Amino acid sequence: MDNMHFKRKLPTPAEIKQMYPISESGRLAKEKNDQALKEIFTGESDKMLLIIGPCSADREDAVTDYITRLRELQEKVKDKIVIVPRVYTNKPRTTCIGYKGMLHQPDPTQEADLLKGVIAIRKLHMKTLNETGFSSADEMLYPENHRYLSDLLSYVAIGARSVENQQHRMVASGIDVPVGAKNPTSGNLSVMMNSLKAAQSSHTFLYRGWEVTTDGNPLAHAILRGYADADGISHANYHYEDLLRLCEFYAAAPDLVNPAVIVDTNHANSGKKYLEQIRIAKEILHSASANADIRKMFKGLMIESYLEDGCQKASGREYGKSITDPCLGWEKTERLVLDLADLW
């Protein structure tokens, strides 16, 4: 512990929520959004879920601009698609080196400042909710930080590097909105299914200095994102045969309720070739239309999209261009979403 330097004590989630409270209109909007997502995962609704947005939320102005455009697009496809903006405010890094997201660096050109970061990410999610009526998706990279945003999110993702972690699994069991668990980077689906079993079960454990109990999350589900082999080569797992295999995993686990999958069209599924997301998304919908079991299990897509095509270095300041993984630009995004609505 001698090499761990305690810089300052940050406000608790309760204190931050008191400083920056959710508005009544925001609370009601989130309740409505939560219900729409619940109906998708329980099968009451036949609409497709679309979790879409930048790889990482790097600056408030561009992210807000993007989500305002999404609001207009949502109105055009509301009969077929439910959109949840991807507002990922902490970024996993394989080596833990590099830009770690707005939580760490509210300004990517400045040094890390966690106090400013906690405030910045809460204000961004609040602004999204208050100005557009969208309650967002974010990744639960740090389970102990989830409660800073727990009253603002309608969807939570557990990443490929975190899915085996016991704390992630148990905290997911106490969340009351859908939690998606990605397959690990190795592609081992058994690991992902074990995560879902844990997330749907009740637990007693230590969390933020408290002994807590959870009821289990019946909306916990799978996310397929592709994988890398022993040589680091990317392989997809979104194809028809992959989806059928996941159906078989669910059939072998009758204790899991609400069998569901979201397919991530980027990452290893696209080999980070972001333009391939357009083809991949349409192929997945074709697979769903060709098989009743896949159609019942398939609930939606994750797509990485921003205002401008591609990506830039973290030091770059081109408005609306990703500073992490490359994303689809707005024109391609709008066309794709309209096409998906026609296909669904």
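The values are calculated or read from the model by the stated rules, or taken from the named source; none is laboratory data. Just so it is clear, the model here is predicted, and its values are computed rather than measured. So basically every Cβ, Gly included, is an ideal-geometry build from the backbone, and we count neighbours across all protein chains shown. Side chains are part of the model used for accessible areas, which takes the heavy atoms of the whole protein and leaves out ligands, DNA and RNA. Shrake-Rupley method; radii C 1.70, N 1.55, O 1.52, S 1.80 Å.
Site-free segments of the chain were taken between GluC sites (Glu not before Pro) in DSSP loops having at most 12 other Cβ atoms within 10 Å, sites themselves excluded; the longest one is 112-344. Residues of the stretch 102-118 falling in the label zone of Q312, defined by backbone nitrogen less than 13 Å from a point 7 Å along Cα to beta-carbon, are 108-109. Each Lys and Arg adds +1 at its Cβ and each Asp and Glu adds -1 at its Cβ; summed about the Cα centre, the chain shows a dipole of about 480 debye.
Extension gain for the segment Y319 to R71, taken as residue separation times 0.36 nm less the Cα-Cα distance, is 87.3 nm to one decimal. Here the spin labels are modelled as points 7 Å beyond Cα on the Cα-Cβ line, and at D293 and L115 they lie 5.6 nm apart.
Think of a 1.4 Å ball rolled over the protein heavy atoms: the stretch 242-293 then has 45 Å² of accessible area per residue.
Just to confirm, what accessible area per residue do you get for the stretch 53-182 at 1.4 Å probe, in whole Å²?
On a per-residue basis, the stretch 53-182 sits at 36 Å².
Helical content alone sets the calculated 222 nm signal of the chain at -11500 deg cm²/dmol, taking -39,500 (n - 2.57) per DSSP H segment of four or more residues and averaging over every residue. Subtracting the Cα-Cα distance of H239 and E44 from 0.36 nm times their residue separation leaves 67.6 nm of extension gain.
If I stretch the segment between L275 and K7 completely, what's the gain in nm (0.36 nm per residue apart, minus their alpha carbon distance), one decimal?
Roughly 92.2 nm would be gained on extension.
Amide H contacts for N217 (H built 1.01 Å from N in the peptide plane; partners 5 or more residues away or on another chain; cut-off under 5 Å): Q200, S201.
Which is farthest toward the positive dipole end of the stretch 269-334 among F298, L275, S315, measuring Cα position about the Cα centre, with Cβ charges +1 (Lys, Arg) and -1 (Asp, Glu)? After comparing all options, I get F298. When the alpha carbon coordinates of the chain are projected onto the principal axes, the ranges are 56, 48, 45 Å, largest first. Note on E248 and A36: their simple-model spin labels are 3.7 nm apart, each label 7 Å out from Cα toward Cβ. Report in % the part of the accessible area of the chain that belongs to carbon and sulfur, leaving out ligands and nucleic acids; probe 1.4 Å. Here carbon and sulfur together make up 50 percent of the probe-accessible area.
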